[in-house]
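A.B. asks: This structure is in structure tokens; I'll ask about it shortly.
The values are calculated or read from the model by the stated rules, or taken from the named source; none is laboratory data. It should be emphasised that the depicted structure is a prediction, and the values quoted were computed from it without experimental measurement. Using ideal geometry, Cβ is built from the backbone for each residue, glycine included, and neighbour counts are taken over all protein chains shown. Surface accessibility is based on the protein's heavy atoms, side chains included, excluding ligands, DNA and RNA. Shrake-Rupley method; radii C 1.70, N 1.55, O 1.52, S 1.80 Å.
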Amino acid sequence: MKFGDYEIFLLEDGEFRLDGGAMFGVVPRVLWARTDAPDDRNRIRLAANCLLIKGDGFNALIDTGLGGKWDDKEREMFAVAEPRTLITDLARVDLHPDEITHVIQTHLHFDHVGGATLIDAEGTLKIQFPNAKVFVQKGEWETANDPNPRDRRSYKPENLNPLKENGVLELIEGDGEILPGISVTVTGGHTKHHQLVTLRSNGSTLVYLGDLIPTPSHLPVPYVMAYDLDPEQTMAAKAPLLEEADEAGWLLVFEHSAGVKAGHLQRGEKGRLELVPFDIDQTEYTPKN
Ligand SMILES: [Zn+2]
């Protein structure tokens with residue numbers, strides 16, 4: 001889809017499942033089960049939606065999904081399914097992994113950075129995008145390499161070491177512009193240095209929410225994941241963002257939604273914010289306002 005001066009594509013790196021209770025924190029199951037029906041192991045269906053931004057002289061990828069480095073036990077535990085992958089979706093838009101120039105990581109949990117590396121036919125661990133610089137918050141990198149016991153399962157050395165060994169890391173500190181029109185904003189909350197990515201062009205704004213608001217079911221401010229390190233900080237970042245997104249007509253992209261993946265906000269009954277779905281596979285962007 002054309003978005004101002006850019007072309008954007010949603011690429012899906014497979015589906016997986018996580019415990020519904022963990023995905024909704026203090027929200028009772030009777031409430032979240034209405035929108036996200038759990039399976040017989042109490043898991044809900046999620047996707048890993050990555051965003052490709054094609055601009056003048058660059059192909060930037062926002063997050064890299066689950067990747068394929070799973071053993072059978074993990075595949076079963078997380079119900080990893082690959083009707084599509086980042087690589088098959090890239091091929092669909094006529095791009096080879098070598099042509100990716102920038103990767104921006106919201107954070108380094110396995111379901112966000114797993115696709116930045118692969119194990120080749122000889123069993124060697126490699127980087128997936130050899131010509132891309134990988135932008136990540138310095139604090140996130142440090143946390144990932146020295147995780148606390150609660151985070152240890154989310155930060156996997158095989159997702160991190162190849163990035164360092166190949167010299168592709170660009171450690172950034174705080175908010176800033178990575179490419180013309182593409183900037184990052186540190187939100188904290190989910191992880192201490194979690195960041196979201198904003199694309200602005202010709203008066204239109206798109207926000208890739210990462211794990212700040214992982215699916216449209218998480219739009220209500222208290223619907224915060226139990227995975228979040230600091231739920232108060234998540235809410236403090238989320239509430240003003242939703243207000244602004246509604247007023248300014250931002251297009252929101254939900255990284256973990258297996259259903260509606262993007263949309264605009266509107267005020268529904270009792271002034272509650274609701275999502276008007278938007279299909280990114282359309283050919284041209286029509287701003288809300
Ligand atoms: Zn996630």
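A.B. asks: Restricting to the chain, what percent of DSSP beta bridges are antiparallel, rounded to 5?
C.D. replies: Close to 75 percent.
A.B. asks: Please identify which residues in segment 199-240 have an amide N closer than 17 Å to a label point set 7 Å out from the Cα of Arg272, following the Cα→Cβ vector.
C.D. replies: Residues 215-224 qualify, since their backbone N sits under 17 Å from the label point.
A.B. asks: I need the P(r) histogram for segment 147-276: all alpha carbon pairs, bin width 10 Å from 0 out to the longest distance, whole percents.
C.D. replies: 11, 38, 35, 13, 2, 0
A.B. asks: Compute for the chain: radius of gyration divided by Kirkwood radius, i.e. Rg/Rh, restricted to C-alpha atoms, rounded to two decimals.
C.D. replies: 0.93
A.B. asks: Oh, and also: Using the Kyte-Doolittle scale, find the helices of the chain whose mean hydropathy is at least -1.0 and whose Cα atoms extend 20 Å or more along the helix's long axis, counting only whole DSSP H runs.
C.D. replies: The qualifying helices are 231-248.
A.B. asks: Across segment 1-108, what fraction of all alpha-carbon pairs, as a whole percent, falls in each successive 10 Å bin from zero upward?
C.D. replies: 13, 37, 29, 18, 3
A.B. asks: Rg and Dmax of segment 192-241 over Cα atoms: what are they, in angstrom?
C.D. replies: 11.7, 38
A.B. asks: How many angstrom lie between the C-alpha centres of segment 156-193 and segment 57-105?
C.D. replies: Measuring centre to centre over Cα atoms gives 17 Å.
A.B. asks: Now for a different question. Using a probe radius of 1.4 Å on heavy atoms only, what accessible surface per residue do you get for segment 50-89? Whole Å² is fine.
C.D. replies: Per-residue value: 42 Å².
A.B. asks: Now a separate question. If each of Arg41 and Leu171 carries a label point 7 Å out from its Cα toward its Cβ, how far apart are those two points in nm?
C.D. replies: Once both label points are built, they end up 3.6 nm from each other.
A.B. asks: When the convex hull of the C-alpha atoms of segment 104-156 is computed, what volume per residue in Å³ does it have?
C.D. replies: Dividing the Cα hull volume of segment 104-156 by its residues yields 89 Å³.
A.B. asks: Separate question: Nearest 5 percent is fine: what portion of the DSSP beta bridges confined to segment 14-161 is antiparallel?
C.D. replies: 65
A.B. asks: Calculate, in nm to one decimal, what Asn161 and Arg75 gain on full extension: separation in residues at 0.36 nm each, minus their alpha carbon distance.
C.D. replies: 28.8 nm
A.B. asks: So, one more: Once you place label points 7 Å from the Cα toward the Cβ at Asp146 and Met235, how far apart are they in nm?
C.D. replies: So the label points at Asp146 and Met235 sit 3.1 nm apart.
A.B. asks: Accessible area, 1.4 Å probe, largest first: how do Thr101, Thr88 sort?
C.D. replies: From most exposed to least exposed: Thr88, Thr101.
A.B. asks: Can you pull the percent of Cα pairs in segment 141-210 with separation above 19 Å?
C.D. replies: Value for segment 141-210 (Cα pairs over 19 Å): 47 percent.
A.B. asks: Let me ask you something else. So if we plug the beta-carbon distance of Glu247 and Lys138 into 1/(1 + (r/R0)^6) with R0 = 41 Å, what FRET efficiency do we get, rounded to 0.05?
C.D. replies: It comes to 0.80.
A.B. asks: Please check the chain for the longest run free of GluC sites (Glu not before Pro) that are loop-located per DSSP (anything but H, G, I, E, B) and have at most 10 other Cβ atoms within 10 Å.
C.D. replies: No qualifying site falls inside 1-121, the longest such stretch.
A.B. asks: Also, I was wondering about something else. Considering only protein heavy atoms and a probe of 1.4 Å, how much of the accessible area of the chain is carbon and sulfur, as a whole percent?
C.D. replies: Roughly 49 percent of what the probe reaches on the chain is carbon or sulfur.
A.B. asks: Using modelled backbone amide H atoms (1.01 Å from N, in-plane), which distant-in-sequence or interchain residues come within less than 5 Å of Leu11's amide H?
C.D. replies: It is Cys50, Leu51, Leu52, by chain and number.
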